[in-house]
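Only one structure is covered here, and it is reproduced in the block below.
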Amino acid sequence: MLPLVRELVCGSDSELFEPGWKNRSTLPHVTNCGQHTDFSTIPTIFLVIFSPVLVYALYHTHNAQIRCFSPVSLRIVVGCLLVVDLFFTVIYDLHLFFTDSATFDNVHFYGDLVQFAGICLALVLTIACKNKGIITSGVITLYWLLVVLCGIPEFRYYLSGYIYMEHHVDHVRATLYTIAYMFSVAELFLCCFADIPSKIHKSRKSCPEHSSSFINQLTFQWFTGLAILGNKKSLETEDLWDLNERDRAENIIPSFMANLKPGMEEYRRRVKKNPEDATPKNYPSVFRPLLKTYKFTLLAGACYKLSFDMLQFLAPQLLKQLISFIEDKSQPVWIGVSIVCFMFLASFLQSMLLHQYYHEMYRLGMHVRSVLTSAVYTKALNLSNEARKGKTTGAIVNLMSVDIQKIQDIVPIIMLFWSAPLQIFLSIFFLYKILGVAVFAGFVALIMVIPINGIIAGKMRACHMEQMKYKDERIKMMSEILNGMKVLKLYSWEKSMEKMVLEIREKELMVLKRLSYLNAGIVFSWICAPFLVSVISFVVYVLLDPENNVLTPEITFVALSLFDILRMPLALLAMVYGEAVQCAVSNSRLKEFFAADEIAPQQAITLGKSDSALKVENGSFSWSSDEDHTLHDISLNIQKGQLVAIVGRVGSGKSSLLHAILGEMNKVSGSVQINGTVAYVPQQAWIQNMSLKNNILFNKPFDLNHYNEVVTNCALKEDLANLPAGDSTEIGEKGINLSGGQKQRVSLARAVYQNPDIVLFDDPLSAVDSHVGKHIFENVISSLTGCLGTKTRILITHGLTYLKNCDKVVVLKDGTISEMGTYQQLINNNGAFAEFLEEFLLEEAKHRGRVASIGDQKNVSKKVSLSDGEVDEILRDLGQVSPGILQRLESHLSQESEREEKSARDFRLEFSRENSRKSVLHSPISKHEETEALLGAITEEEDQGKEKTQLIEKEALETGHVKFEVYLAYFRAISIPITLLFFFAYVGSSTLGVLSNFYLARLSDNAKNMADSGNSSSTDIRTQLAIYASLGIGQSAVVCVASIILALGMVRASRILHAGLLGNIMRSPMAFFDVTPIGRILNRLGKDIEAVDRTLPDVIRHMVMTIFNVVSTLVVIVWATPWAGLAFAILSVIYFFVLRFYISTSRQLKRLESASRSPIYSHFQESIQGASSIRAYGVVEKFIKQSQQRVDEHLVAHYPSMVANRWLAVRLELVGNLIVLSAAGMAVYFRDSPGLSAGLVGLSVSYALNITQTLNWAVRMTSEMETNIVSVERIKEYSVTPTEGNDSIRLASKSWPERGEISIKNFSVRYRPGLELVLHGVTAHVEPSEKVGIVGRTGAGKSSLTLALFRIIEADGGCIEIDGHNIADLQLEQLRSRLTIVPQDPVLFSGSMRMNLDPFDAYSDAQVWEALKNAHLESFVRSLQDGLAHHISEGGENLSVGQRQLICLARALLRKTKVLVLDEAAAAVDVETDSLIQKTIREQFKECTVLTIAHRLNTVMDSDRLLVLDKGRVAEFDSPKQLLSNPDGIFYSMAKDANVV
């Protein structure tokens, strides 16, 4: 366009430079025409084209007006003066025109008008920026830069006319132009400063990016402050800036969700219409909404990338001109200088464009991660139960940690899909112009390498998939091992489990070894291919026409630089393809997830007029569409304010009914209507990792009076007093530092605090002591006295005493309501409910027969009749309805206790002792001492304050540079000889590389000389090319060998590091797991081991390769132009400082980023586990906000880390560009030196052109090395933590313990050194086969004694002997394997039923079935489709809590050692099954010594003796009869509290 304008305005005199400019020794002037057409028009055209970008920004800004005393005010003043100046210039032109002056010229008039129009537009835009609060504008800054640059020729023209009198100038025009030019320079200078809005609330932590000038943003200078701070000290989260408003989740998610939802809704409508459309190809797209949301960002990125790609091809053309200049000594020096300046400017512009492109794309990747994380989280909270069934928590977390990461990773390289083919096409086009058809021979060779690489890449991909499979298997197993670590230690299963993990790991390492060989093949072809391509092209080129086709330096090195450009997109295409395949897999997984069914919102009863709180009509519900109906024919109408109890045996569908009401189950038919807000108390309390107070508040505002009332009613007052920081104490993952009872009470308090209309209780009284249960019922649930008395309450319970106080009792049997009515009505009906009571009473009669005669009958009878008239009433009512029941009970009683004279009243006495029992009464047990162990003793003053509130230790965050010992430890794991061998192999390969290139330079110089002298020989050229090729292939072969050496060393290191870590973790004491979140340990075993397996080998290889490349480049340049060494010395100092600032800052940012990533996953995992509670309470939106907040907190560290890379790259590339400048500049300056040939210059400058990338890569790799070696540091940290049982190595005989005699001698124990003793001088002797109950109030030390018996905690004084052996001297493994425990928490592992009973196939199937039979599970397991092979899901989620507990009992029955410890063996089972279990234990463990930890007294009333503990000391130790006969004793008062007496 500009030549056309020049021709129209200037006519025939339209040259750009003055005549004869090529032969001038000084820099030629631009012609009058060029100055006033081209150089005047360029800035104005630029402004007109890009002003819409600024107008768009003006339209969308919400900033306040710019302050008056900002640089913009001065810019407006200067702009006005410029307009006046140019106005006068135009008037002057018109004056000359109308006066027919000879000095008038159309060219001047055109140029002045165009400039005047441009400056007027710039002034208008500047004023608009001030009014709309635009702090800085790139469009205006670049406009003034172009004005200044394009004005230089005219300014020089006037100056030379003034000073040197070279030509005549018009003084008026010259004066006006000089003033205008000075004003333009002033405008440019003022644009370098940012403006300040008038109403900006800028905090100290505001990110300076958007308050800095365009130049600062372009060079990332705004980041320098953080880089300096990072160099002075180790950065902490407090030092980081707040997230920019445009990057906050709350600002970016709505637009994405608005684009995503229509697709999801359309899919749901389509599937509803035609279920067959639920196929993967119809799933709602994820990419389309992303494209719609970020189309403008992608367009800007495409413009940056296109400009960069075009500029890439400028360097080879300039290199061609430079070599030509060196060869042609007659050319004036200014041409060489101009070429060098253009080279520098082109490189500089490329750097700026590339890093703006990456900054935009990485920020876009960050946004994509943010919006997809929120979308996945939202979806996960709304998944229907059927959809949730096929997805483990791990699988959903994987979507977030792996699949979203893959989509984020592809964003920065997405432009390569069109950019790489474009670069390939342009490279071949320019190569064709140099080498002709010969280029296709080289290109074919390159294309032939691609399928080979493709095959290798395919195999590598298969290996990666296989490795990921093994890794998933290993991590899944480790997750379950860590979740059940306490049980593993109690069962002594650690070694066997460790062996299973190591077997999986060995398979993983075999795949890694295969991968390393394949990788070596890729490296060989990657380094070898360019040599082959260039050699083949050159040979064909020479052979086609040996006379005319001469490999001169100009042809050789320009072709080589183009081959270098060609190599990159070809290599990247393969990488992009690989990433795209992975991204496609992740995309399909996300699409499938977004297509999953969501939970249907429950119907609300219209208007508040209805008296019904809850209405279910003809409801049938199933957990999934392909299963039978779990619940059927359910019709239920509950009035407002009613208390409704739901009872039934294990597996009758009680919990399922609550889930159906909450909408968690598939509604097959019927309707469910809810009138009012809902709170839900699940059977297994869901506790969040936050303070106890926040667990109760659950996002509701704090009301002190209401809060205190709730805490008192839920019996939490005493617990709060025992916690180190009261209600501010942090509760660990899954409530690890609370007992079962405390967790349940916190869950209950949460529901009460919400003050809902309807409360659903899923057996909450089962996990608390009987007296606490009574307190809660009276103060919370009861219609008469409870704080929820006016609310609608639905209570699942196994506690029969509460039923009389209920308005309605619903009896469930086999998934349907068999009876419903008031308590009295149901007893009168003599139906299913009466049967249920009778079964229970019969079993109790059998179970309690021999205990009835204990103590002074007269006294006890009196006590019971006063406190337990209710039970008498149950029996009386049953007797009235069916007189036969009482006789049957009495007959059973007499059969069980023939030795005793009994009467019906005695039986009532006996039963009344059991009356208030519950099914899962784990009291707040002795968790007080455990709490102390975890949180620090309450009396320690120095721990007062904030530290006390914390249980989970803050993740250790290393600071400063990585210690040399860490590197040494890693290289030792590889082995020092292998490391040295690898290093020397690379020295050899670099030497061969440099030699081959020097040889090529010499070859091209000789070819040129021969051609000039006319005696060239094609045979010589072929021989020389063969030598060059062999040197290149030799280099590739050495690198390939080095890669294999390194990879094998790395596999060895991986094996050693993982085995050390795993072994240490398996032998760590339980105290370690109590204060270390499972996620943190899994991070070491997953992400850190992955870094050691796959990332570190690549990083080390690339780093060594890059460092040698930099050294080779500098050697070549200094060899060619020694004076360039001086420039390198200065540049290396700059490089070193930039590097120091970057590495110290970047390393710490990476650490902060890693640490801030864990809370996202922890919160996600926690939310999925508590999804039903979150939905029930209606706080889904609040939880989504919390998730977004955690993502934002992560981005606060991630964003500076990302910018740090750009900050470094811009500075390093500037150093690289200066190296190009010095190499080319010295070549121009010393072109007459005798040793400097065109070949050497070509070699030197082509090396220099690549150094920019190499320098950048060197720092990146050094930084990556530091970042990834941190993984070794983290692995080593957990490989040296203290382990248990190191001092005990004695082995007892194989049959030990033969008798089961236990002697506890003056035994004391504390949880950790420095804490209070929890047992003080306990002495007791248990005879062989004796049945001893251990009782005591909360905090007495019951659990501590059990833990000490298994040496989970070690003795502080005294000892425990079993059959004469001090357990402290025995090997831990032997000790634990010879004792048996039925633990309080039923822990199952995912796998078959048989694996859960006998993980190491030590018993026959017959023995397993026998154990199941005795545990009352035989009929259940036989009813399962796969029997013993039935798959148990993660954590046993597909079994009820009661069934899980029975499986744990079956384990004990199978193992059957001489000493058995029962820690609440029958929690969460119905009353009948519980009685059967007690009978089983009595029969099966008749010959064993049995210690029973009593969480409810009735369980141990038939023990031979009771050990009563009080504050860690033995208070009483005698038979129950003797203890009950002492009214002043501790046991008597406990029995009284529990309504046993």
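Quick one: if you stick a label point 7 Å off each Cα along the C-beta vector at Y432 and K1536, how many nm between them?
Here the answer is 10.5 nm between the modelled labels.
Using the Kirkwood radius over Cα pairs, work out the Stokes-Einstein diffusion coefficient for the range 240-385 at 4 °C and 1.567 mPa s, in µm²/s as a whole number.
66 µm²/s
Any chance you could look up the accessible area of W1296 with a 1.4 Å probe, heavy atoms only, rounded to 10 Å²?
10 Å²
Return a whole-number percent for the relative contact order of the range 54-196, with Cα pairs under 8 Å and 6 or more residues apart as the contact set.
43 percent
How much net charge surrounds S1390 when only the other residues with a Cβ under 14 Å from the Cβ of S1390 are counted, with Lys and Arg +1 and Asp and Glu -1?
Charge balance near S1390 sits at +1.
Run the quick spin-label model on V124 and K1456: label points 7 Å from Cα toward the beta carbon, then report their separation in nm to one decimal.
It is 9.9 nm.
Hey, what angle do you get for helix 976-1013 against the long axis of the chain, alpha-carbon based, 0 to 90 degrees rounded to 10?
20 degrees
On a 1.4 Å probe surface of the protein chains, which of V437, V1322, V83 comes out largest in accessible area, and what is the full order?
Result, largest first: V437, V83, V1322.
Got a sec? What order do D1287, D170, D409 fall in by accessible area at 1.4 Å, biggest, i.e. largest, first?
Most to least solvent-accessible, the answer reads D1287, D409, D170.
Percentage of Cα-Cα pair distances in the range 1-113 greater than 17 Å, rounded to whole percent?
When all Cα pairs of the range 1-113 are counted, 71 percent exceed 17 Å.
Tell me whether the chain comes out rounded, prolate or oblate; compute the Cα gyration tensor, take square roots of the eigenvalues as a ≥ b ≥ c, and use a/c under 1.5 as the rounded threshold.
The shape class here is prolate.
Summing -39500 (n - 2.57) over the DSSP H runs of n ≥ 4 in the chain and dividing by its residue number, what mean residue ellipticity at 222 nm do you reach, to the nearest 500 deg cm²/dmol?
Taking each H run of at least 4 residues, the total per residue is -20500 deg cm²/dmol.
Once the range 233-320 is represented by equal point scatterers at the alpha-carbon sites, with solvent omitted, what log10 I(q)/I(0) does the Debye formula produce at q = 0.11, 0.14, 0.19 Å⁻¹?
With one equal scatterer per Cα and no solvent, log10 I(q)/I(0) is -0.65, -0.79, -0.94.
Starting from a Cα-only point model with no solvent, please compute log10 I(q)/I(0) by Debye for the range 103-185 at q = 0.11, 0.12, 0.19, 0.25 1/Å.
-0.38, -0.44, -0.91, -1.30
Using the structure shown, list the pairs from K273/K1182; K486/K774; K1456/K1479; K743/K804; K476/K499 with a Cα-Cα distance above 24 Å, or answer none.
Flagged as over cut-off: K273/K1182; K486/K774; K743/K804.
Can you tell me the length gained on complete extension of the stretch F964 to F440, counting 0.36 nm per residue apart and subtracting the Cα distance?
183.6 nm
Compute the relative contact order of the range 653-767 as a whole-number percentage, counting only Cα pairs closer than 8 Å that sit 6 or more residues apart in sequence.
44 percent
Round to a whole number: what % of the accessible area of the chain belongs to carbon and sulfur, probe 1.4 Å?
The computed percentage sits at 59.
Could you grab the relative contact order for the chain? Cα pairs under 8 Å, six or more apart, rounded to a whole percent.
Normalised by residue count, the contact order of the chain is 12 percent.
Classify the range 568-692 from the C-alpha gyration tensor, please: rounded if a/c falls under 1.5, else prolate or oblate depending on whether a/b exceeds b/c.
prolate
With each pseudo-label sitting 7 Å past Cα toward Cβ, what's the L349-V53 distance in nm, one decimal?
The two pseudo-label positions are separated by 1.4 nm.
At 0.36 nm per residue, minus the direct Cα-Cα distance, what do M500 and A1037 gain on full extension? Give it in nm, one decimal, please.
Result: 189.4 nm gained on full extension.
Put +1 on the Cβ of each Lys and Arg and -1 on the Cβ of each Asp and Glu in the chain; which of N705, M478, Y177 then has its Cα farthest toward the positive end of the dipole?
Y177
Enter the accessible area of K1087 (Å², nearest 10), with the probe set to 1.4 Å and all protein chains included.
Here the accessible area works out near 110 Å².
Taking the convex hull of the Cα atoms, report for the range 654-763 its projected area averaged over all directions, in nm².
Over all viewing directions, the range 654-763 projects a mean Cα-hull area of 7.5 nm².
Where does helix 494-544 land angle-wise versus the long Cα axis of the chain, in degrees 0 to 90, nearest 10?
It works out to around 10 degrees.
Label the range 1080-1154 by shape, choosing from rounded, prolate and oblate, from the square roots a ≥ b ≥ c of the eigenvalues of the Cα gyration tensor; if a/c is under 1.5 it is rounded, and otherwise prolate applies when a/b is larger than b/c, oblate when it is not.
Oblate, because a/c is 1.5 or more while a/b does not exceed b/c.
If Y162, Y802 are ordered by their accessible area, calculated over protein heavy atoms with a 1.4 Å probe, which sequence runs from highest to lowest?
Y162, Y802
Can you pick out the pairs among K495/K1185; K305/K469; K469/K591; K791/K813; K791/K1342; K667/K734 whose Cα atoms lie more than 32 Å from each other?
Beyond 32 Å: K495/K1185; K305/K469; K791/K1342.
So how much slack lies between Y1161 and C1359, counting 0.36 nm per residue of separation and subtracting their Cα-Cα distance, in nm?
Going from the current span to full extension adds 66.9 nm.
Which net charge results for the neighbourhood of L1370, defined as the other residues with beta-carbon distances under 14 angstrom from its beta-carbon, given Lys and Arg at +1 and Asp and Glu at -1?
Around L1370, the charge tally is -2.
Quick one: net charge of W1123's neighbours, Cβ under 14 Å, K/R +1, D/E -1?
Summing Lys/Arg as +1 and Asp/Glu as -1 gives 0.
Please determine, in degrees from 0 to 90 and to the nearest 10, the orientation of helix 171-191 with respect to the longest principal axis defined by the Cα atoms of the chain, where the helix direction is its Cα long axis.
Approximately 20 degrees, to the nearest 10.
The values are calculated or read from the model by the stated rules, or taken from the named source; none is laboratory data. Nothing here was measured: the structure is a model prediction, and the numbers come from that model. We place every Cβ from the backbone using ideal geometry, glycine too, and count neighbours over all the protein chains shown. With ligands, DNA and RNA removed, areas are computed over all heavy atoms of the protein, side chains included. Shrake-Rupley method; radii C 1.70, N 1.55, O 1.52, S 1.80 Å.
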